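Trainee: I have a structure I would like to understand better, so I am pasting it below and will then ask my questions one at a time.
The values are calculated or read from the model by the stated rules, or taken from the named source; none is laboratory data. Note that the structure is predicted; figures quoted are calculated from it, not measured. Cβ atoms come from the backbone with ideal geometry, glycine included; neighbour counts cover every protein chain shown. All accessible areas refer to the heavy atoms of the entire protein, side chains included, with ligands and DNA or RNA removed. Shrake-Rupley method; radii C 1.70, N 1.55, O 1.52, S 1.80 Å.
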Amino acid sequence: MVQQVAKESVGTKGNHKRTTIFTYTHTKRTDIEEDIRSLQLDSAEENNGVVNPGDARPEEVEVVDKMEEDSEEVQAVSQPVHPEPKVKHKEVSAVEDAESQQETEGNNKRHLNVVFIGHVDAGKSTTGGQILFLSGQVDDRTIQKYEKEAKDKSRESWYMAYIMDTNEEERIKGKTVEVGRAHFETETTRFTILDAPGHKSYVPNMISGASQADIGVLVISARKGEFETGFEKGGQTREHVMLAKTLGVTKLLLVVNKMDDHTVNWSKERYDEIESKMTPFLKASGYNVKKDVQFLPISGLMGLNMKTRVDKSLCPWWNGPCLFEALDRIEITPRDPNGPFRMPIIDKFKDMGTVVMGKVESGSVREGDSLLVMPNKAQVKVLAIYCDDNRVRHAGPGENLRIRLSGIEEEDILSGFVLSSVAKPVAAVTEFIAQLQILELLDNAIFTAGYKAVLHIHAVVEECEIVELLHQIDLKTKKPMKKKVLFVKNGAIVVCRIQVNNSICTEKFADFAQLGRFTLRTEGKTVAVGKVTELPTGSRICWENMCLPVRARTSSLGCGTGLKVPPTVGALLRIPRG
Ligand code: GTP
Ligand code: MG
């Protein structure tokens, strides 16, 4: 079967100056973590963010043939000054071969989206690259080529990361910028890897990756000083964990990486130290460490304890699973394949029609289906469905798809639009009520009516304004406080009315968690996390009364888009099958 190595991410062409460090002061952090927990974004009603092994039933995913990957680059929507980086995507094409066209096996397995998160240089891309190497998708010759290229760039040890870091900027700097996307399989599961950047400037990209993920691999470097920088000294580990939890990543594998490093040398003491320091923090972030988190030591660079368990002679104290085993064993809440269809569009391009990309958050889709592109209310027909590289007739929830549509032009679609069921369309609103957890405002600013921020909700990035504070929630009783609230400060939970200039697709968190959870960011800092609790009546169109399709908006923030659409020639990475 064709194993797809791809690259997809939220880009960062925006104002880097405005993306400033997100750090909590130590004293405030504990309170904030408790409050995030109390927000209970992963409530019992949530079951939309994950895919069930049973959902992708063999009969539901019928392979037809291969998708042609040729596509054009799409012009970015013209964007005025923007407080956040724009969203963009990069895709690296898969190897295409005749043999792969008949391959159907992968589709019979369950499918999971795994986001790799963690502080800069923790080894996320190296580990992701190693997974592709160990699963036979990258051959020795390619590795040798990368070794040479890395050496030429004086980045010898980065050659494994080059498998995921496919663009020149990333290779020169040794830092992931855009979320790398790749596929691999174990015995029971097809995985989509989303390799997020660790650098603080690229948090919006990380948010985009995490919002598509079911589970997370939190990579922590065990190298002397690196764990400390990433975790204790204001590194990205904390922000990534908090964002992952908020964005619906319900399970975490915490890999203690670089165990081969000479400062670590597979030391049990170092591993235990990291586990004991991370555990209280993960608990405070809302993870049930016993049920939702699994720790394990690895060396991403050497590929140890990854596909097979680490040799006892090297690490006699480890009796747990290797990475592939742990990934295989993760169980997540089932998702309803019969729910109303919802697929937030993360990207679009022209290829014998209009092709949209995204992850199915609810329901199923079949060739020939009539759907709506919301919020423009455009009626479209599904001409073809592609899952990884295979054309399929039908696909269920949790799948990453490309869907070829008729009835809409590519330029009428923006990232953040939602491909939706006709009978039960997604809500399209310019206003909603939400429960917000204030994290840390810029310079301890106060949060009041008139506060403006950038809303990140599924694939939407849109400027918003808090127009009214309705009531504050008592942190102890979790009940609304009686007295009128005019402003709140860091750590508060508040229910408020939020407006956006352009209509966006959203849902109540209780109904579709993945479409109803969001973060607010200002000048590169995550200032609040929230969930949509109420939508205005009339936010759902009635099919009978539907107006004619409208043209896509040309929002100043463009629903976060300024898309570079896959695959651009320069970004092509053709990896021979192993
Ligand atoms: P960003 O994308 O910038 O956030 O970094 P990253 O987490 O993807 O790290 P990357 O994979 O680029 O690796 C950073 C450096 O750590 C490189 O020099 C790697 O060779 C090194 N590294 C990664 N994993 C290991 C490991 O298991 N052992 C050792 N010794 N070095 C490692
Ligand atoms: Mg990386």
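Trainee: Take ILE403 and decide whether it is touching a His at 6+ places or on another chain (Cβ under 9 Å), open to solvent by less than 20 Å² (accessible area, probe 1.4 Å), part of a strand (DSSP E or B) and not aromatic (Phe, Trp, Tyr).
Mentor: Judged against the criteria, ILE403 is not a match.
Trainee: Could you tell me whether the stretch 334-343 includes any residue that is surrounded by fewer than 23 Cβ atoms within 10 Å (Cβ to Cβ) and at pLDDT 95 or above? Talk me through it step by step, then tell me what you get.
Mentor: We begin by selecting, within the stretch 334-343, every residue surrounded by fewer than 23 Cβ atoms within 10 Å (Cβ to Cβ); these are 334, 336-340.
From what's left, at pLDDT 95 or above: 340.
Looking for residues that are surrounded by fewer than 23 Cβ atoms within 10 Å (Cβ to Cβ) and at pLDDT 95 or above, one finds at least one in the stretch 334-343, hence yes.
Trainee: Give, as residue ranges, the helices (runs of 4 or more DSSP H) completely inside the stretch 231-331 that count at least 3 residues that are open to solvent by less than 60 Å² (accessible area, probe 1.4 Å) and touching a strand residue (DSSP E or B) at 6+ places or on another chain (Cβ under 6 Å).
Mentor: Where helices (runs of 4 or more DSSP H) fall fully within the stretch 231-331 and carry at least 3 residues being open to solvent by less than 60 Å² (accessible area, probe 1.4 Å) and touching a strand residue (DSSP E or B) at 6+ places or on another chain (Cβ under 6 Å), they are 236-246, 268-284.
Trainee: Looking for something surrounded by fewer than 19 Cβ atoms within 10 Å (Cβ to Cβ) and closer than 30 Å to LEU439 by Cα - is there at least one such residue anywhere in the stretch 365-382?
Mentor: Within the stretch 365-382, not a single residue is surrounded by fewer than 19 Cβ atoms within 10 Å (Cβ to Cβ) and closer than 30 Å to LEU439 by Cα.
Trainee: Kindly list the number of the only condition in (1) under 20 Å from ARG329 (Cβ atoms); (2) open to solvent by less than 10 Å² (accessible area, probe 1.4 Å) that fails for PHE227.
Mentor: Unmet for PHE227, out of (1) under 20 Å from ARG329 (Cβ atoms); (2) open to solvent by less than 10 Å² (accessible area, probe 1.4 Å): (1).
Trainee: Go through the stretch 151-166 and count every residue that is surrounded by fewer than 20 Cβ atoms within 10 Å (Cβ to Cβ) and in contact (Cβ under 8 Å) with a residue 12 or more places away in the chain. Give the derivation first.
Mentor: Within the stretch 151-166, the subset surrounded by fewer than 20 Cβ atoms within 10 Å (Cβ to Cβ) is 151-157.
If we keep only those that are in contact (Cβ under 8 Å) with a residue 12 or more places away in the chain too, we end up with 153, 155, 157.
Residues meeting the conditions: 3.
Trainee: When the residues of the stretch 464-484 are filtered to those that are in contact with a Ser or Thr (Cβ under 9 Å, 6 or more places away or on another chain) and assigned to a loop (DSSP other than H, G, I, E, B), which remaining residue is least open to solvent (accessible area, probe 1.4 Å)?
Mentor: LEU475
Trainee: With (1) free of Cβ contacts under 8 Å to residues at least 24 places away in the same chain; (2) of a type outside the set (A, V, I, L, M, F, W, C); (3) in contact with a Gly (Cβ under 9 Å, 6 or more places away or on another chain); (4) within 16 Å of ligand 2 (Cβ to nearest atom) as the list, and ASP140 as the residue in question, which single condition is left unmet?
Mentor: Condition (4) is where ASP140 drops out.
Trainee: Could you tell me whether ALA182 is within 13 Å of ligand 2 (Cβ to nearest atom) and either free of Cβ contacts under 8 Å to residues at least 24 places away in the same chain or not in a helix (DSSP H, G or I) (or both)?
Mentor: So ALA182 passes the test.
Trainee: Also: What residue, of ARG141, ARG181, is within 18 Å of PHE324 (Cα to Cα), among the basic types (Lys, Arg) and more than 11 Å from ligand 1 (Cβ to nearest atom)?
Mentor: Only one candidate passes the filter, namely ARG181.
Trainee: So, ILE346, is that one surrounded by 24 or more Cβ atoms within 10 Å (Cβ to Cβ), in contact with a Gly (Cβ under 9 Å, 6 or more places away or on another chain) and aliphatic (A, V, I, L, M) or not?
Mentor: Judged against the criteria, ILE346 is a match.
Trainee: For the stretch 192-218: of the residues being buried (at least 24 other Cβ atoms within 10 Å of the Cβ) and assigned to a strand (DSSP E or B), which is nearest to ligand 1 (Cβ to nearest atom)?
Mentor: Ranking the candidates gives ASP195 first.
Trainee: What is the number of the single condition among (1) within 14 Å of ligand 1 (Cβ to nearest atom); (2) modelled with pLDDT of 90 or more; (3) open to solvent by 10 Å² or more (accessible area, probe 1.4 Å) that GLY174 does not meet?
Mentor: (3)
Trainee: Out of THR142, THR104, THR126, report the one residue that is at pLDDT below 90 and hydroxyl-bearing (Ser, Thr, Tyr).
Mentor: The unique qualifying residue is THR104.
Trainee: Would you call LEU112 among the aliphatic types (A, V, I, L, M) and open to solvent by 10 Å² or more (accessible area, probe 1.4 Å)?
Mentor: So LEU112 fails the test.
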